[in-house]
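Have a look at the structure below before the remarks.
The values are calculated or read from the model by the stated rules, or taken from the named source; none is laboratory data. What you are looking at is a predicted structure, and each value in this text was computed from that prediction instead of being measured. Every residue, glycine as well, gets a Cβ built from its backbone with ideal geometry; the counts of neighbours run over all protein chains shown. The area values use the complete protein model at the heavy-atom level, side chains included, leaving out ligands, DNA and RNA. Shrake-Rupley method; radii C 1.70, N 1.55, O 1.52, S 1.80 Å.
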Amino acid sequence: MNPRSSLRPLDVVIRIAIVGLVLGTAYIHSTLGGLLFTLNAAGYLVAAVAIVIPLGLAIRFRWFVRLGLMGYAATAIAAWAIQGPYYSTAYIAKAIEVALITLLAIDFARMDGNPLNVVKSELALLGSKLGRRPATSQAGA
């Protein structure tokens, strides 16, 4: 895997938009009360920090943060679709989360390329660090 290391102006704009959307949906969830909504807001806040923090580990695994945040937002949408409540603020939060998933996908493609190739590369790297060799297709072995 060879992610781009320098940010272009459009990359910065996309990251700012991502953080803005994350903070927006975190705020909405934090105002709803209840432990589940508060924890959801806290999870979004942690993700907002992880998407921009200039720590080496966070930069190295930013692809994983993006995929995780996409999954987090998709899970929030699915949980709302199953359980509700269906009021106007909820629709705004879900629209924010859909926009967030879209921008994260764009950011992923711009910075890391094809997600399948990234995951395959990371798994191969992990396998090599664990001392495993790629499987060969030997019949009757």
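Miscellaneous remarks
- Which numbered condition THR25 misses (of (1) of a type in the set (S, T, N, Q); (2) within 24 Å of LEU7 (Cβ to Cβ); (3) open to solvent by 70 Å² or more (accessible area, probe 1.4 Å)): (3)
- Filtering region 28-47 to residues that are open to solvent by 40 Å² or more (accessible area, probe 1.4 Å) and closer than 21 Å to MET111 by Cβ leaves only VAL46.
- Inter-residue pairs, beta-carbon under 8 Å, first free of Cβ contacts under 8 Å to residues at least 24 places away in the same chain and in region 52-70, second of a type outside the set (Lys, Arg) and open to solvent by 90 Å² or more (accessible area, probe 1.4 Å), 6+ apart: none
- Identity of the residue in region 76-95, small (Gly, Ala, Ser) and assigned to a helix (DSSP H, G or I), that ends up surrounded by the fewest Cβ atoms within 10 Å (Cβ to Cβ): SER88
- The number of residues in region 53-63 being surrounded by fewer than 15 Cβ atoms within 10 Å (Cβ to Cβ) and assigned to a helix (DSSP H, G or I) comes to 4.
- Looking only at region 115-134, residues that are under 30 Å from TRP80 (Cα atoms), out of contact with any helix residue (DSSP H, G or I) (no Cβ under 7 Å at 6 or more places or on another chain) and open to solvent by less than 70 Å² (accessible area, probe 1.4 Å) come to 1 in all.
- Residue within region 77-88 that is in contact with a helix residue (DSSP H, G or I) (Cβ under 7 Å, 6 or more places away or on another chain), at pLDDT 95 or above and on the phi < 0 side of the Ramachandran plot present: yes
- So ALA73, is it at pLDDT 95 or above, open to solvent by 40 Å² or more (accessible area, probe 1.4 Å), of a type outside the set (Phe, Trp, Tyr) and part of a helix (DSSP H, G or I): no
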